[in-house]
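Undergrad: Dropping a structure here in structure tokens format, bear with me for questions.
The values are calculated or read from the model by the stated rules, or taken from the named source; none is laboratory data. Values in this document were obtained by computation on a predicted structure and should not be read as measured data. Note: ideal-geometry Cβ built from the backbone for every residue, glycine included; neighbour counts use all protein chains shown. Just the protein is used for accessible areas: all its heavy atoms, side chains included, with ligands, DNA and RNA removed. Shrake-Rupley method; radii C 1.70, N 1.55, O 1.52, S 1.80 Å.
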Amino acid sequence: MSEYVIMSDTGCDIEFDTLEKWDVGFSKLTFHFEDGKEHLEGEMSKSEFYNRMRAGEVSKTSAVNSQAFKELFEGALKQGKDVLYIGFSSGISATSNSGKMAANELREEYPDRKIIAIDTLCASAGEGLILHYAVEKKNSGADIEECAKYVEDMIPKLAHWFTVEDLVYLKRGGRVSAAAAFASGVLGIKPVLHVDDEGKLINMMKVRGRTQSLKAIAKKYMETALDPKDGLYYISHGDCLDDAKELESMIVAEGGNKCALFTTIGMIIGSHSGPGTIALFFLASGR
């Protein structure tokens, strides 16, 4: 069995030191504020990033280009290793398509190596949770094809449920209407959204107030998780850890497990969801 490496991108919202501990290579996505200065994700602290957003600055993002992925993958290929790329949802970003393009080009240059590129249709720590399971599968002795199939079989079951504090950020990206954003600000209406089977953001329900939105997400977990009592789940937050812990408490109060990992949403997802976002990721009967 040939040795292989798992690779990804920073759309997964897993801390860099954790990815390095998992031995997962990754390419950094980029963002910029209105001054036009481009930053690689990780060059700015998340607290500074969210403070600038709270102050009214607008952040925009860019997908990783295929050349960046080509350079990342080639580092492993030159060492005689195969590559399994597990990437950011094509329903939200062009990043995974760039990864697939790089893989296609490199297969011609390295015909003796295996290069598999998977669009997870997942975002943030949903992608991160897929990576967690993939790393476990690899470490159990699975070869690259077995690991890839394991990931592909899991994708339709990886549930994403989230809410945002202010709809203005989703409005800028065309995810919600101006009327919905206005109602949210004036009436305190909070959306509960999820990522569908095509990896796109879908508004599922509206509730009044922050606490009710968290309760709705906790309820979805208890109703649909494959193993609500002992299952693994991640919670990501847009610089609002206390609210993330409140969601965990709601799940535990209903008999669920404690959160396996809290992650701070990075600059790429955060540019579109804004400060105050809370997202829950877990394996479910369906997305």
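Undergrad: If you scan segment 245-274, which residues turn out to be modelled with pLDDT of 95 or more, within 15 Å of Cys12 (Cα to Cα) and β-branched (Val, Ile, Thr)?
TA: Scanning segment 245-274 gives Thr263, Thr264, Ile265.
Undergrad: Then there is this: Identify, please: which residue in segment 92-102 is open to solvent by less than 30 Å² (accessible area, probe 1.4 Å) and within 21 Å of His132 (Cβ to Cβ) and is, among those, farthest from the chain's Cα centre (by Cα)?
TA: For segment 92-102, the residue satisfying everything is Gly99.
Undergrad: Going by what's in this entry, would Ile92 be described as farther than 22 Å from Arg287 by Cβ, of a type in the set (Val, Ile, Thr) and touching a Leu at 6+ places or on another chain (Cβ under 8 Å)?
TA: For Ile92, the condition - farther than 22 Å from Arg287 by Cβ, of a type in the set (Val, Ile, Thr) and touching a Leu at 6+ places or on another chain (Cβ under 8 Å) - is not met.
Undergrad: Residue under question is Glu165, and the condition is that it be among the charged types (D, E, K, R), in contact with a strand residue (DSSP E or B) (Cβ under 9 Å, 6 or more places away or on another chain) and either in a loop (DSSP other than H, G, I, E, B) or surrounded by 22 or more Cβ atoms within 10 Å (Cβ to Cβ) (or both); does it hold?
TA: Yes; evaluated as a whole, the condition is true for this residue.
Undergrad: Of the residues in segment 132-146, how many are in contact with a strand residue (DSSP E or B) (Cβ under 7 Å, 6 or more places away or on another chain) and among the charged types (D, E, K, R)?
TA: Number satisfying all stated conditions: 1.
Undergrad: Please specify each residue of segment 107-151 satisfying the condition of being open to solvent by less than 30 Å² (accessible area, probe 1.4 Å) and among the polar types (S, T, N, Q).
TA: If the condition is that a residue be open to solvent by less than 30 Å² (accessible area, probe 1.4 Å) and among the polar types (S, T, N, Q), then Thr120, Ser124 are the ones that fit.
Undergrad: Separate question: Out of all the residues in segment 78-101, which are farther than 16 Å from Leu201 by Cβ, part of a loop (DSSP other than H, G, I, E, B) and free of Cβ contacts under 8 Å to residues at least 60 places away in the same chain?
TA: Scanning segment 78-101 gives Lys78, Gln79.
Undergrad: Among the residues of segment 219-257, how many are crowded, with 17+ Cβ neighbours inside 10 Å, in a helix (DSSP H, G or I) and either touching a residue at least 60 places away in the same chain (Cβ under 8 Å) or touching a strand residue (DSSP E or B) at 6+ places or on another chain (Cβ under 7 Å) (or both)?
TA: Residues that pass the stated criteria total 7.
Undergrad: Consider segment 72-81. How many of its residues are open to solvent by less than 30 Å² (accessible area, probe 1.4 Å) and under 22 Å from the mean Cα position of the chain (by Cα)?
TA: Summing the residues that are open to solvent by less than 30 Å² (accessible area, probe 1.4 Å) and under 22 Å from the mean Cα position of the chain (by Cα) in segment 72-81 gives 1.
Undergrad: Any residue at all in segment 135-146 that's closer than 25 Å to Pro228 by Cα, free of Cβ contacts under 8 Å to residues at least 12 places away in the same chain and among the charged types (D, E, K, R)?
TA: Yes: one or more hits.
Listed here are the residues, each with its yes/no results for (1) under 26 Å from Asn104 (Cα atoms); (2) hydrophobic (A, V, I, L, M, F, W, C); (3) open to solvent by 40 Å² or more (accessible area, probe 1.4 Å).
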| site | (1), (2), (3) |
| --- | --- |
| Ile6 | yes, yes, no |
| Ser47 | no, no, yes |
| Val58 | no, yes, no |
| Lys70 | yes, no, no |
| Ser90 | yes, no, yes |
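Undergrad: Can you tell me which residue in segment 168-212 is most open to solvent (accessible area, probe 1.4 Å), limited to those that are at pLDDT 55 or above, of a type outside the set (Phe, Trp, Tyr) and part of a helix (DSSP H, G or I)?
TA: Here the answer is Arg172.
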